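Colleague: Pasting a structure below so you can have a look.
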Amino acid sequence: MFVATKDKILPTSMIGSFPKPTWFTENLNGRPFKVAMSDSKYREQYLDTVRCYIGEQEQAGLDIFVDGDSRNDLEVGGRSWFFYTIERLNGISGFSNSSHFLDYGGMKPGHILYEVQESWHPPSVTEDITHGELHFVDLWKTAQKMSPKPVKFGNICATCLPMMLWNDHYKTDQAMVMDIAAVMNEEYIALADAGCPVIQIEEPVHHFNCQMEPPCTDKDLEFYTNAFNRQTKDVKTEIWAHTCWGNPNQQSFYWERPSYERALPYFMEMNCDVLDIECASNQARDAKLFKNIDWNNYDKKIGIGVVDHTRTTVETPEMVADTIRRALEYIPEDRLVITADCGFGREGLSRRIAFYKCVSLVMGTNIVRKELGVEEAYVATADEQFAFI
């Protein structure tokens, strides 16, 4: 169901993570969020950080806000995107010296992503996975109370988590994934019931596993879709599915991005309202995959990335507008959502660069909105009456 993007033409939003402020020195370190919020230092730094992110998104003119993934600790290569959830599920313990992550992209010593992996030590699943102290509702409420604009809540997909787990309990990884999906489903139902306008499930693995050697089977792709849909069962709010080609330490797994072509039919069967794909990194090349989509058969919108999280250069508004125009050749304007290829990470970009990518995204979208006769968003940063010179 559409909530935050209902009746909106070219709504704008970021994906999730923002660079962590230098003064946010406290970490959760495995604590439940509500327990950590009794720590006065952590509470002050966390709340100030979320306020900063909300304020900067307001200043940039975005329509849908994120909390910057502020719950995730500052760790090498964005480790806590996996581990916030892993550390708060029951049935998981210990640490290992290697992970399945190295199966992707053929990383060897001397590659930055190999060094990232040297610092990530996946635990083992030793019992049935059950619900822990995830506190998703409380995290979302903390941010939503800071703005009347809709705030999106994002979390890693159940099919992605086995990349950072050793299965020493379940007969199959698929059985393990479905138990994780059931736990996530409980959290998402609670979020929706609390009023969360958008839940974003991040990185269903269809497209990545199509690039493996040997590539995944059609049966595997069907399972990934079923597992995604288990997470969204009876969740009554707007659901986004975010996909990209990698983000640890702001790195993509592929210099030349592969195509979503084989994964797309299975993505389209996921029970989500918005499907996000990378487009900034490849000048909307994969937008043409939607050329033959019968939109009458799908009550979906397509989110396209128009700024690249792996580049420090800020795209100009004209570049953003050009990417949107390319997508509009294949995707109807009322089905298009404008966003980034992925989050900005906690350590990869500077806060200034991330902020101006937000600004450029909205300014570029405004160029196309004007061409379409759609109301433009106000961008306070671009208002000349507030310029110093």
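Rundown of residues vs (1) at pLDDT 95 or above; (2) assigned to a strand (DSSP E or B), yes/no style:
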position: Pro148; (1), (2): yes, no
position: Phe153; (1), (2): yes, yes
position: Met163; (1), (2): no, no
position: Lys171; (1), (2): yes, no
position: Ile180; (1), (2): yes, no
position: Val183; (1), (2): yes, no
position: Cys196; (1), (2): yes, no
position: Met212; (1), (2): no, no
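Colleague: Now for a different question. Which residues, taken from the range 118-135, are in contact with a Ser or Thr (Cβ under 8 Å, 6 or more places away or on another chain), under 24 Å from Ser70 (Cα atoms) and touching a residue at least 40 places away in the same chain (Cβ under 8 Å)?
Modeller: Trp120, Pro122, Pro123, Leu134
Colleague: Looking only at the range 271-315, count every residue that is in a helix (DSSP H, G or I) and either in contact with a Phe, Trp or Tyr (Cβ under 8 Å, 6 or more places away or on another chain) or farther than 20 Å from Met1 by Cα (or both) and tell me the total.
Modeller: 9
Colleague: Then there is this: Mind counting the residues in the range 136-176 that are more than 18 Å from the chain's Cα centre (by Cα) and either under 22 Å from Asn209 (Cβ atoms) or touching a residue at least 24 places away in the same chain (Cβ under 8 Å) (or both)?
Modeller: So the first thing to find is which residues in the range 136-176 are more than 18 Å from the chain's Cα centre (by Cα), and the list is 138, 141-142, 145-149, 165-176.
With the extra rule that they be either under 22 Å from Asn209 (Cβ atoms) or touching a residue at least 24 places away in the same chain (Cβ under 8 Å) (or both), the set shrinks to 138, 141-142, 146-147, 149, 165-176.
Of the residues in the range 136-176, 18 are more than 18 Å from the chain's Cα centre (by Cα) and either under 22 Å from Asn209 (Cβ atoms) or touching a residue at least 24 places away in the same chain (Cβ under 8 Å) (or both).
Colleague: Sticking with this structure for a sec: Please state which one of Gly91, Gly106, Gly132, Gly68 is among the small types (Gly, Ala, Ser) and not in a loop (DSSP other than H, G, I, E, B).
Modeller: Gly91 is the lone residue from the list that is among the small types (Gly, Ala, Ser) and not in a loop (DSSP other than H, G, I, E, B).
Colleague: Could you list, in sequence order, all residues of the range 209-243 that are touching a strand residue (DSSP E or B) at 6+ places or on another chain (Cβ under 8 Å), among the hydroxyl-bearing types (Ser, Thr, Tyr) and without any contact (Cβ under 8 Å) to a residue 60 or more places away in the chain?
Modeller: Result: Thr232, Thr243.
Colleague: Considering Gly305, Gly345, which residue is at pLDDT below 95 and either of a type in the set (Phe, Trp, Tyr) or in contact with a helix residue (DSSP H, G or I) (Cβ under 7 Å, 6 or more places away or on another chain) (or both)?
Modeller: Of the residues listed, the single one that is at pLDDT below 95 and either of a type in the set (Phe, Trp, Tyr) or in contact with a helix residue (DSSP H, G or I) (Cβ under 7 Å, 6 or more places away or on another chain) (or both) is Gly345.
The values are calculated or read from the model by the stated rules, or taken from the named source; none is laboratory data. The structure presented is a predicted model; accordingly, all values stated were derived computationally and were not measured. Note: ideal-geometry Cβ built from the backbone for every residue, glycine included; neighbour counts use all protein chains shown.
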